[in-house]
Amino acid sequence: MKTINRREFCKLLSMSAVAYLIAPISVKAVNIPEIVVVGGGFSGSTCAKYLKLWGGDSINVTIIESNANYISPILSNLVLNGKKTIADLTFNYLAHSNNYKINMIHKTLQSIDKTNRVLTLDDSSILKYDYLVLATGIDFTLVNDYDTNIIPHAWIAGEQTNLLKEQIETMVDGDDFVMSIPKSPYRCPPGPYERACIVADYLKNIKGFLNSKVIVLDANADIIVEKDTFSNAFISYGIEYIPNVTITAVTGDTKTVTYNTLLNSNNQKTAKVLNIIPDQKSSKIIFDAELNNGNWASVDPISYESTIANGIYLIGDSQGTIQPKAGHIGNSEAKVCADAILRTMNGLALYTNPKTNSACYSPISTTQASWLTAVYEYDSSIKNMKLVSSGNYPKSGAPSTSNYRDMFSWSTNLFQDTFL
Amino acid sequence: MKKRIMISLTSLLAGIFFVGCGGGDSSTLVDGEETIPSTYTISGTVPGTIIEAYCSDGSYYSTTSNDNGTTKHPFFLLIPENRDCKLVMITNETDSNPANWIITPIEFEVNSSLGTYLSIDKDIDLGNVPLETPGANSWTSGVKTPLTITLSDKKVHIKSLRNDPMDTDNDGIPNTYEDDDNDGNVNKYDADSHNDNDSDHDGIEDIYDTDDDNDGVMDNTSNTGTITLTTNFTLNDGRLLGSQCAQCHGTNGRSSSNWDSIAREDGLYHEMREDGGIMYEQALGYTQNEVSTIETWLNNQ
């Protein structure tokens, strides 16, 4: 290295200053790509984490999430029978902030300017993005205007779950529990069937109610997943199962549901506890930003980029591929999306055959659980996912006590992979 | 127009102005897993100053320069390695009223690029920083437009963020030195400026702020600095495919539950099929080639 003495240094300094005055060097801020992830559920949290795990300091990732904590719907039916509390299912974003240097903003997205790639939040502040990931989940379609604080859905975990639990605790022997199952697709396909089993088991075997009934009104023509598991369980619990139900009215004051079946119109059930799980669609922001095709967001799952707007990616329950809507596969989609964004940003070709997988353990009592699983692969001819043919999916496992234990091994690692 | 100075950084110059800068401690293991990051020194000379660092994890570091009887007081500020920090320098800091201070945010120019954050993995010397100060030709109190320090060391890491939580309006002045309620007092020293979620007004919400009162003492270090992030994305098909194992077997194949860790697993293809139940069914969804690609990646975890 050439060494200079102090006098030469001072000369150098003054020359530089002169040089600057005559010909200013054009300098540009070292801006690194901005990726904004909206929604801190299983999909959004996983995507943000893996973007930083794989992209590191070459990118800046911001999560916009209204709540400081996330409450997992996975395992939340176990709050109803007292095996878990909401606190057990509550996660924070400290690891995202501390370990992965993700900016956390607890505000709500109001609007998306797709042309200028600018987001406006509920306090009027703005954020710019180069890549936007929307993991904003579901919204409900209510048949009429009723109060979900009287007729809870408990399909977003937290207060709603506690509310349903409190209502169940007011039941005495002879009171009925009536619940509905939405038209597919909806979040967590086995979830409502699981709930019917958990509540029936709780009332019968823990509360000792011999005269209370659980009645299931299913919008679908039949049990849509794990049919053997759930139909056997329904028989053993004495659950009354009514398929092909179209709900026409819900009355909060009297806790009455009015519905049609294929054979009869204007049937009614009135129950001590009425748990209507409404039909579902993408969250409102997807519709406001015109990123939907029908009820769901239209994406190409080689990357989960919108087929409607460049630079916007949609993962999790709001995306409209054939994949189920659930936390495990939302986590799975998020990694494919994170990798695709990083490849695109670095001018690299996308991986041509991404695979995702779905897995779910369903408790059906305080000691037994079943499982359901599938592997999906990308099909470039239809630009959609399809079940991998070699696996003859979906596959399921019958209820057992070992599966009940495995359920917690599964959820522990799923939670870790998403939030830690 | 922002002020601009040119400072040449050489080991020789460091030698002219200072003797030994310290820092550079090697990593220490605590409880076998948590690594305390090494610290390094930012040094230079200033005309009598508080030197502050506001870092992106909310941590805060500060020092004052040493009066050596000249107009160039040396300073040494210790910062943990690889932490993105903004620097602010304050002169006339002996005045009891912060409204009379001269507060200068610092920007960095490296390779003709500008950065508002600096992160260091070695000692660096900023040289002499020509801040406004009482007694100099002209000075006014208040928050200045950022002063750009040009670093000739091309290996210094700098960056700017367009979505900068610590400088929301992107004007180069950190949030803590903005005057959000326009009462003449900067947020940091404004008794009536309050934001319940951000006590020190640095833009990092208290729950994510490792030092939410900026007292220089970390509130909770248990979860900080345990992961070193990569600097660049590298292509890896095995990692993409293998990340799909993590829902059940943990990130990078390291399990937190009773289920197996699969990092550095050998004979993966057979292992997946040996176990019955859900693992066997999952195994049917992957080709031998795919599993071998995953195994190669897992062997490096």
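The values are calculated or read from the model by the stated rules, or taken from the named source; none is laboratory data. All of these numbers come straight from a predicted model, not from anything done at the bench. Neighbour counts are summed over all protein chains in view; Cβ atoms, including those assigned to glycine, are modelled from backbone coordinates with ideal geometry. Quick note on the areas: whole protein, heavy atoms, side chains included, nothing else; ligands and nucleic acids left out. Shrake-Rupley method; radii C 1.70, N 1.55, O 1.52, S 1.80 Å.
Some values worked out for this structure:
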| quantity | calculated |
| --- | --- |
| Per residue accessible area of segment B:195-297, 1.4 Å probe, in Å² | 48 |
| Mean shadow area of chain A over all directions, Cα convex hull, nm² | 27.4 |
| Helix-only [θ]222 nm of chain A, DSSP H runs n ≥ 4, -39500 (n - 2.57) each, per residue, nearest 500 | -8500 deg cm²/dmol |
| Added length on full extension, which subtracts the Cα-Cα distance from 0.36 nm per residue, A:Ile235 to A:Lys183 | 16.5 nm |
| List of segment A:102-122 residues, accessible area with partners at least 10 Å² below that of the chain alone (1.4 Å probe) | A:Asn103, A:Met104, A:His106 |
| Amide H contacts under 5 Å for A:Ala29, placed H, 5+ residues apart | B:Leu114 |
| Rounded accessible area per residue of segment A:290-420, 1.4 Å, Å² | 32 |
| Amide proton proximity set for A:Tyr313, modelled H, under 5 Å, gap of 5+ | A:Leu132, A:Val133, A:Leu134, A:Ser306 |
| Among beta bridges that DSSP assigns inside the protein assembly as shown, antiparallel share in %, nearest 5 | 65 |
| Rounded to whole Hz, the Karplus (6.51, -1.76, 1.60) HN-Hα couplings of segment B:142-153, x for glycine and proline | x, 8, 8, 5, x, 9, 8, 9, 8, 9, 7, 6 |
| Distance violations [Cα-Cα > 20 Å] among A:Lys213/A:Lys255; A:Lys281/A:Lys325; A:Lys183/A:Lys281; A:Lys355/A:Lys383; A:Lys165/A:Lys284; A:Lys213/A:Lys272 | A:Lys165/A:Lys284 |
| J(HN,Hα) series, segment B:259-273, from Karplus relation 6.51 cos²θ - 1.76 cosθ + 1.60, nearest Hz, glycine and proline x | 6, 4, 6, 10, 4, 6, 6, 9, x, 4, 4, 6, 4, 5, 8 |
| Solvent-accessible area lost in complex, 20 Å² minimum, residues of segment A:353-368 relative to chain alone, 1.4 Å | A:Lys355, A:Asn357, A:Tyr361 |
| Cα-based shape type of segment A:88-174, given that a ≥ b ≥ c are square roots of the gyration tensor eigenvalues and the cut on a/c is 1.5 | oblate |
| Rounded to whole Hz, the Karplus (6.51, -1.76, 1.60) HN-Hα couplings of segment A:215-224, x for glycine and proline | 10, 10, 9, 9, 5, 8, 6, 7, 4, 8 |
| Rounded to 10°, Cα long-axis angle of helix A:327-345 versus longest principal axis of chain A | 20 |
| Long-range amide H partners of B:Glu205 with built H, under 5 Å | none |
| Computed over chain A: relative contact order in percent, which uses C-alpha pairs under 8 Å that are six or more apart | 17 |
| Area hidden from solvent between A and B (accessible, protein heavy atoms only, 1.4 Å, total, Å²) | 6600 |
| Nearest-0.05 FRET efficiency for A:Ile382 and A:Gln268, computed from C-beta distance (R0 51 Å) | 0.75 |
| Cα-projected label distance for B:Thr145 with A:Asp222, points at 7 Å along beta-carbon direction, nm | 7.4 |
| Carbon plus sulfur fraction of accessible area for chain A, probe 1.4 Å, in percent | 50 |
| Tail fraction, Cα-Cα pairs, the protein assembly as shown, threshold 52 Å, whole percent | 22 |
